[in-house]
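In what follows, a structure is listed as structure tokens, so that the remarks can point back to it.
The values are calculated or read from the model by the stated rules, or taken from the named source; none is laboratory data. It should be emphasised that the depicted structure is a prediction, and the values quoted were computed from it without experimental measurement. Cβ coordinates were reconstructed from backbone atoms using ideal geometry, including for glycine residues, and neighbour counts include every protein chain displayed. The protein model used for the area step is the full one, side chains on, heavy atoms only, and it has no ligands, DNA or RNA in it. Shrake-Rupley method; radii C 1.70, N 1.55, O 1.52, S 1.80 Å.
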Amino acid sequence: MPTSIRRVGAWLRRRAENIAAGMLAVMFLAFIIQIVFRYLFNFPIGWTSELTVVMWFWLVLWGSAFVLREQEEIRFDMVYGAVSRRTRIAMAVVFAVAVVILYGASLKASFSYVSFMKVERSSYLKIRLDWLYSIYLIFLVAVIARYLWLLSRLLRGEDPEAPDLTKVSSGL
């Protein structure tokens, strides 16, 4: 892959991380405001709780779509690392095809549901639910694109990196 495309990809990944960090900061600030109002002023407010939940929802799906690397995803490393290179590629091909087919099959119904939710609004913030749930559609499209790209690499014979079982990591 040309270095200019890699540089653009790395820049976009850093911006996705910045957005995720911003969502985490908003979520944390709303949580602190909620604590201050509830326990210092004895005046619970609901919008902070709703904002925290919305930010968590967006953060998880945004991070899964744009920040999390393929090798950081959950897998059965003990099985995956114990098999040969060829078997590892075959396992990855089966998984990538399954993800593309299943997520692709759910795309139309998910779009219909998210579009239908335009009639509802959130309780406190009054944000249309189609806007709140739109991140799921972004997540679906991003994951399908990622696994199509991974599938193209696998079909060219590129070996997904075997996990190093001597390194224990949380993925962070």
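List of remarks:
- Region 1-110 - Rg and Dmax from Cα coordinates, angstrom: 20.2, 63
- Loop-located trypsin sites (Lys or Arg not before Pro) in region 1-103, at most 15 other Cβ atoms within 10 Å (DSSP): ARG69
- At a probe radius of 1.4 angstrom, the accessible area of the chain per residue rounds to 69 square angstrom.
- In this label model, VAL97 and ALA145 are separated by 2.5 nm, measuring between points 7 Å along each Cα→Cβ vector.
- Compared with the dominant principal axis of the Cα atoms in the chain, helix 47-62 is inclined by about 10°.
- Dipole magnitude of the chain about its Cα centre (Cβ charges: Lys, Arg +1; Asp, Glu -1), debye to nearest 20: 400 debye
- For the chain, the 222 nm mean residue ellipticity estimated from helices alone, with every DSSP H stretch of n ≥ 4 adding -39500 (n - 2.57) and the total spread over all residues, rounds to -23000 deg cm²/dmol.
- Translational diffusion coefficient (Stokes-Einstein; Kirkwood radius from C-alpha pairs) of region 84-157 at 10 °C, 1.306 mPa s, in µm²/s: 113 µm²/s
- Principal-axis tilt of helix 85-116 within the chain, Cα atoms, nearest 10 degrees: 30 degrees
- In the chain, the portion of solvent-accessible area held by carbon and sulfur atoms comes to 69 percent [1.4 Å probe, whole percent, DNA, RNA and ligands not counted].
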